[in-house]
1. Peptide A:125-135: average number of partner chain Cβ atoms within 10 Å per residue?
2. Using a 10 Å cut-off on Cβ to Cβ distances, tally the other chain neighbours for every residue of A:31-37 and report the average as a whole number.
3. Can you tell me how much longer the chain between residue B:44 and residue B:63 gets when fully stretched, taken as 0.36 nm per residue apart minus their C-alpha distance, in nm with one decimal?
4. So if we plug the beta-carbon distance of residue B:144 and residue A:33 into 1/(1 + (r/R0)^6) with R0 = 35 Å, what FRET efficiency do we get, rounded to 0.05?
5. From other protein chains only, count the Cβ atoms within 10 Å of every residue's Cβ in B:87-96, then give the mean.
6. For chain B, what class follows from the C-alpha gyration tensor (a ≥ b ≥ c being the square roots of its eigenvalues): rounded when a/c is under 1.5, otherwise prolate if a/b is larger than b/c, else oblate?
7. By how many nm would the segment from residue B:51 to residue B:120 lengthen if fully extended, with 0.36 nm per residue of separation less the alpha-carbon distance?
8. Determine, for each peptide in B:33-41, B:58-66, the mean count of other beta carbons within 10 angstrom over its residues, then list the peptides with the highest first.
DNA sequence: ATAATTAAGGATAAATTTGTCCTTAATTAT
DNA sequence: ATAATTAAGGACAAATTTATCCTTAATTAT
């Protein structure tokens with residue numbers, strides 16, 4: 001469904017929104033550990049997310065790290081997908097046809113149309129903040145279950 | 001959403017079901033042209049689809065090629081995904097968590113659940129035959145629009 | 001039997017995605 | 001000012017997906 005890049009982007013953003021404030025930023029290491037993702041790769045993805053102050057904000061130096069502004073928290077989840085150039089899930093033809101529309105539908109078009117609409121709604125009508133609230137409310141998880149490593 | 005492999009698999013199977021019979025098989029070349037896919041790669045995918053007489057049937061030699069049996073036509077579209085090992089779209093967590101369920105949901109689980117269900121239903125409750133009928137009924141397309149090439 | 005045709009299958013290559021490492025730049029605290 | 005800390009960014013590496021090519025095996029028609 002989504003690429004690793006998009007998955008990490010979503011997890012990282014939600015995690016940062018959940019744990020960090022501008023006064024108390026989250027470092028790369030904490031993020032990567034928190035969402036169980038490869039550190040350097042996550043750094044790249046966070047770069048995409050911070051580009052043009054899009055979704056995630058960042059600061060270098062001691063006490064630096066990542067956080068989300070109040071404004072960013074109000075963004076739809078779709079903004080995360082846009083930042084990593086993965087909006088196509090919402091628009092693409094299931095069969096991968098370049099052109100697939102009402103006037104030139106693929107054989108699955110009519111059925112898939114409804115699903116695509118719901119996907120779009122999910123990503124557009126849900127804000128990052130809502131996911132954070134959802135997470136705080138109950139027992140939600142953003143990382144893989146810990147499989148305790150033995151000490152060296 | 002789906003890999004190229006899965007997209008070609010779906011297109012190829014529908015196309016073969018539409019155009020071929022056991023008496024009048026479709027050759028690899030015709031299939032690849034018909035669905036606008038790379039020939040050799042399509043051959044590999046057709047191999048997966050014919051393995052264990054799963055979805056597509058084939059015969060070598062002159063007048064050989066690919067076709068679908070009546071039984072195969074009744075298979076759910078999901079069978080195609082299974083043949084190319086891509087059923088995970090129906091089951092995987094949107095955020096890519098290894099474990100994501102009612103008892104350990106990711107922050108998007110509740111919302112995505114409904115969509116996943118519909119995806120599953122689409123792939124399970126639609127037979128290959130139905131897609132063929134759909135295709136025959138109206139103006140449906142399985143290939144990309146022809147962009148006429150200039151003669152050499 | 002022989003030649004022609006077509007899929008099967010193996011080896012390999014190209015492209016893309018995923019991931020790492022190292023240097024630089026910015027910021028903070030001393 | 002200096003040292004320490006942290007993200008930014010570039011170059012590179014590994015893994016996976018997508019794609020090609022060539023040989024072999026099976027089948028058909030002559």
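Where a number appears in this text, it was derived from the coordinates with a stated rule and is not lab data. Because the structure is a prediction, the values reported are computed rather than measured. When we count neighbours, we look across all protein chains shown, and the Cβ atoms used for this are built from the backbone with ideal geometry, even at glycine.
1. The shielding value for this peptide is 2.
2. Working: counts 0, 0, 0, 0, 3, 3, 1.
So the per-residue partner count for this stretch is 1.
3. 4.8 nm
4. Values: r = 45 Å, r/R0 = 1.27.
For residue B:144 and residue A:33, the calculated efficiency is 0.20.
5. So the per-residue partner count for this stretch is 5.
6. Numbers: a/c = 2.09, a/b = 1.81, b/c = 1.15.
Here chain B falls in the prolate category.
7. Result: 22.5 nm gained on full extension.
8. The peptides rank, most packed first, as B:33-41, B:58-66.
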